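Novice: Right, I'll just put the structure down here and ask away after.
The values are calculated or read from the model by the stated rules, or taken from the named source; none is laboratory data. Just so it is clear, the model here is predicted, and its values are computed rather than measured. Here Cβ is always computed from backbone atoms with ideal geometry, including for glycine, and neighbour counts include all displayed protein chains. With ligands, DNA and RNA removed, areas are computed over all heavy atoms of the protein, side chains included. Shrake-Rupley method; radii C 1.70, N 1.55, O 1.52, S 1.80 Å.
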Amino acid sequence: MDLLTDSKAFQRTCRQWRADGLRTALVPTMGFFHDGHVSLMRWARANAERVAVSLFVNPTQFGPEEDLAAYPRDPERDAARAREAGVDVLFTPTPGTLYAPGHATWVQVPELAEHLCGKTRPVHFRGVATVVTKLLLLATPTVAVFGEKDWQQLAIIRRMVRDLDIPVQIVGRPIFREPDGLAMSSRNVYLAPDERAQAPNLHQGLRLAADMVAQGERDADKVLAAVRDHYARTLPLGRLDYLAFVTPDTIQPTTDLAVRTRLAVAMYLGKARLIDNVDVNPNPAA
Ligand code: PAF
């Protein structure tokens, strides 16, 4: 595996792959790899001839009060895990390399960033869309792979790629979970033991909602009330940021449970802010 820190060198390598007619995959990450990241790399390895992983804790997607400085980092362990997963190039630029002094260009998809995380993290998706565009332009991959835990992020990236005619296939991969159901996240290390013990209830609440709808419940308020009640009982250390049904592609709030929706949640738990989501399908057997 090659370790590259220079954007131009990364661009040259990826261009050569394309010139050689190879199918290439990019896995953009912020590092501190868990098994979910590794599963994205393994999917890329199985579906492309060359695999690049970017590891960059992107400062522009953090608000001034957020955890940029504290964000967990372990570059040596990350490199070892990427190597084991069969990655060809690990690209680890510094902020100065990726953002030139005077950087003034932003990519935004405001309609899809209006709700859910966009409300509490106003600059977040602008930072994500901009850095992902930059990475896609540097790597020009055949396919780019993202996890579905960040469902709103994935919807924004899909729309951005479509609207800007960026020639890449975007692949979303299912959420990777701990055996007790907690969605894997680099930020789970922030959880104290008592918080970690309550955290799997976040997913249980979503499952409860999906099951209610699958069994015929169509009253969104009733379903949300049941989930809130579940959280009040099982997650007393948590503070709910949002819990909402949204349209899966356009990320607009909805109460129409006769069609497929996504139920998304964000909760503050100690120093962590956990997010999760679930497919809500009124006709699971169909
Ligand atoms: O999901 C992430 O880890 C980040 O938001 C991403 C897509 C790598 C952009 O910095």
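Novice: May I ask you to verify whether P179 is within 25 Å of R262 (Cα to Cα) and away from the ligand (no atom under 16 Å from the Cβ)? Walk me through how you get there before you give the answer.
Specialist: On the way: within 25 Å of R262 (Cα to Cα): yes; away from the ligand (no atom under 16 Å from the Cβ): yes.
Yes.
Novice: Let me ask something else about it. Go through the range 6-30 and report how many residues are in a loop (DSSP other than H, G, I, E, B), open to solvent by less than 80 Å² (accessible area, probe 1.4 Å) and either among the β-branched types (V, I, T) or in contact with a strand residue (DSSP E or B) (Cβ under 8 Å, 6 or more places away or on another chain) (or both). Walk me through it before giving the result.
Specialist: First, the residues of the range 6-30 that are in a loop (DSSP other than H, G, I, E, B): 6, 20-23, 30.
Still in the running and open to solvent by less than 80 Å² (accessible area, probe 1.4 Å): 6, 21-22, 30.
Then drop every residue that is not either among the β-branched types (V, I, T) or in contact with a strand residue (DSSP E or B) (Cβ under 8 Å, 6 or more places away or on another chain) (or both), which leaves 22, 30.
Qualifying residue count for the region: 2.
Novice: On to the next question. Looking at (1) β-branched (V, I, T); (2) open to solvent by 40 Å² or more (accessible area, probe 1.4 Å); (3) under 20 Å from the mean Cα position of the chain (by Cα), which is the only condition V109 fails?
Specialist: Only one criterion in (1) β-branched (V, I, T); (2) open to solvent by 40 Å² or more (accessible area, probe 1.4 Å); (3) under 20 Å from the mean Cα position of the chain (by Cα) is unmet by V109, namely (2).
Novice: With respect to the numbered conditions (1) surrounded by fewer than 18 Cβ atoms within 10 Å (Cβ to Cβ); (2) out of contact with any helix residue (DSSP H, G or I) (no Cβ under 9 Å at 6 or more places or on another chain); (3) among the acidic types (D, E), which one is the sole condition not fulfilled by D241?
Specialist: (2)
Novice: Another question, if that's okay. Based on what the data block shows, is G205 small (G, A, S), part of a loop (DSSP other than H, G, I, E, B), under 30 Å from V38 (Cβ atoms) and at pLDDT 95 or above?
Specialist: On the way: small (G, A, S): yes; part of a loop (DSSP other than H, G, I, E, B): no; under 30 Å from V38 (Cβ atoms): yes; at pLDDT 95 or above: yes.
Spelling it out, it is not the case that G205 is small (G, A, S), part of a loop (DSSP other than H, G, I, E, B), under 30 Å from V38 (Cβ atoms) and at pLDDT 95 or above.
Novice: Working carefully through the options L263, L240, L257, find the one that is touching a residue at least 12 places away in the same chain (Cβ under 8 Å), touching a strand residue (DSSP E or B) at 6+ places or on another chain (Cβ under 8 Å) and either assigned to a loop (DSSP other than H, G, I, E, B) or of a type in the set (K, R) (or both).
Specialist: Only one candidate qualifies: L257.
Novice: I would also like to ask the following. Mind checking which pairs have a first residue in the range 38-55 that is hydroxyl-bearing (S, T, Y) and a second that is open to solvent by 60 Å² or more (accessible area, probe 1.4 Å), Cβ under 7 Å, 6 or more apart or different chains?
Specialist: S39/R173; S39/F176
Novice: Let me ask something additional. Could you list all residues from the range 35-72 that are within 13 Å of the ligand (Cβ to nearest atom), in contact with a helix residue (DSSP H, G or I) (Cβ under 6 Å, 6 or more places away or on another chain) and of a type in the set (V, I, T)?
Specialist: V53, T60, listed by residue number.
Novice: Restricting the range 153-172 to residues that are open to solvent by 10 Å² or more (accessible area, probe 1.4 Å) and within 12 Å of the ligand (Cβ to nearest atom), which is farthest from R273 (Cα to Cα)?
Specialist: Among residues in the range 153-172 that are open to solvent by 10 Å² or more (accessible area, probe 1.4 Å) and within 12 Å of the ligand (Cβ to nearest atom), the one farthest from R273 (Cα to Cα) is I170.
Novice: Starting from the range 211-225, take each residue that is farther than 14 Å from A264 by Cα and at pLDDT 95 or above and list its partners that are among the β-branched types (V, I, T) and not in a helix (DSSP H, G or I), counting only C-beta distances under 6 angstrom and pairs at least six apart or across chains.
Specialist: That search, which allows pairs on different chains as well, returns V213/V280.
Novice: Hey, any hits in the range 123-133 for a residue that's free of Cβ contacts under 8 Å to residues at least 40 places away in the same chain, of a type outside the set (G, A, S) and more than 10 Å from the ligand (Cβ to nearest atom)?
Specialist: Going residue by residue through the range 123-133, those that are free of Cβ contacts under 8 Å to residues at least 40 places away in the same chain are 129, 133.
The next check asks that each one be of a type outside the set (G, A, S); those that pass are 133.
Filter once more, keeping what is more than 10 Å from the ligand (Cβ to nearest atom): 133.
Checked the range 123-133: at least one residue is free of Cβ contacts under 8 Å to residues at least 40 places away in the same chain, of a type outside the set (G, A, S) and more than 10 Å from the ligand (Cβ to nearest atom).
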